[in-house]
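What follows is calculated from the coordinates using simple rules that are stated; it is not laboratory data. Quick caveat, the model's predicted, so the values are computed rather than measured. Counting neighbours? That spans all protein chains shown, and the Cβs are built from the backbone with ideal geometry, glycine included.
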Amino acid sequence: MKPAKLLASSSLAAFILFASVSAHADVSRNTQNFIQNAAMSNMLEIQTSQRALQVSQNAEIRDFAQQMIDDHKSAEQKLETALKDEGNGLDKLIPASLDSKHQKIADRLDKERNKDFEKDYVGVQRDGHNDAVSLFTKYSKNGDDGALKTLAGQLLPTLQHHQSMADDLYKKYRNEKTANTASALEPAAGSTTAEPAAAGDPTENDTKGNPNTDRPATNADINTDAPTTVNPTEGRSSPSGGPTY
């Protein structure tokens, strides 16, 4: 689509949305925000999850994505039905496409591949469900449209379950690099690399008097039979009588 046509299309969509909101001036801002944000959340979850099925080969990610598509399409249908059943045209407030903020997120994911996509996708899902749970919780308690308030309460447990799933995936895949780094530092299986001696371990004394050890000398390492002089400059003693640096 050419820029001029895209601009015209966007302007038309904005005008239609404005006209719809104006036509329902008697509907509270709280209800209008709930309808539009709930619909926007459903669309983003569905679109990004459809993308996940196209890009990811990870079975766990794909199973999660398919569940998001199924559950959010169901929620989308329930929202539209509830609004139509009220018979006052509130279903016209449902946006036809993502707004610019959410479209940027979808566009970013469209450009990513493999693990970069998976890490970003689970982050988007976690943030999106955190916002959705907050939105539905507030409206289920303080909503002023009875039918929508009931629907919000009915859909909330599913969203909370999604939130928990997304959070688990986020912790697993977003921390993957850190986990791999920690694993790389562990001795390989069968390695003879010695573990550091614990405090009080008898092996600690094996290094006493060893000139090649990096362990700081202790009083027990010093030959107390050697004559000791005090370095007047540094205020420290040397077993050989020479200055200590």
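List of remarks:
- Given +1 at the Cβ of Lys and Arg, -1 at the Cβ of Asp and Glu and no other charges, the dipole of region 21-180 around its Cα centre is 440 debye to the nearest 20.
- Taking the number of Cβ atoms within 10 Å of each Cβ as an exposure proxy, the fewest-first ranking of T31, T150 is T150, T31.
- Global form of region 21-180, assessed from the alpha-carbon gyration tensor, a/c cut-off 1.5: prolate
- Look at the dipole of region 21-180 built from charges on Cβ: of M40, A82, G153, the Cα furthest out on the positive end belongs to M40.
- Computed over region 21-180, relative contact order equals 28 percent, with contacts defined as Cα pairs under 8 Å that lie 6+ residues apart.
- By the beta-carbon count within 10 Å of each Cβ, the least crowded to most crowded order of V122, V27, fewest first, is V27, V122.
- Distance violations [Cα-Cα > 21 Å] among K73/K172; K138/K171; K115/K172; K92/K149: K73/K172; K138/K171
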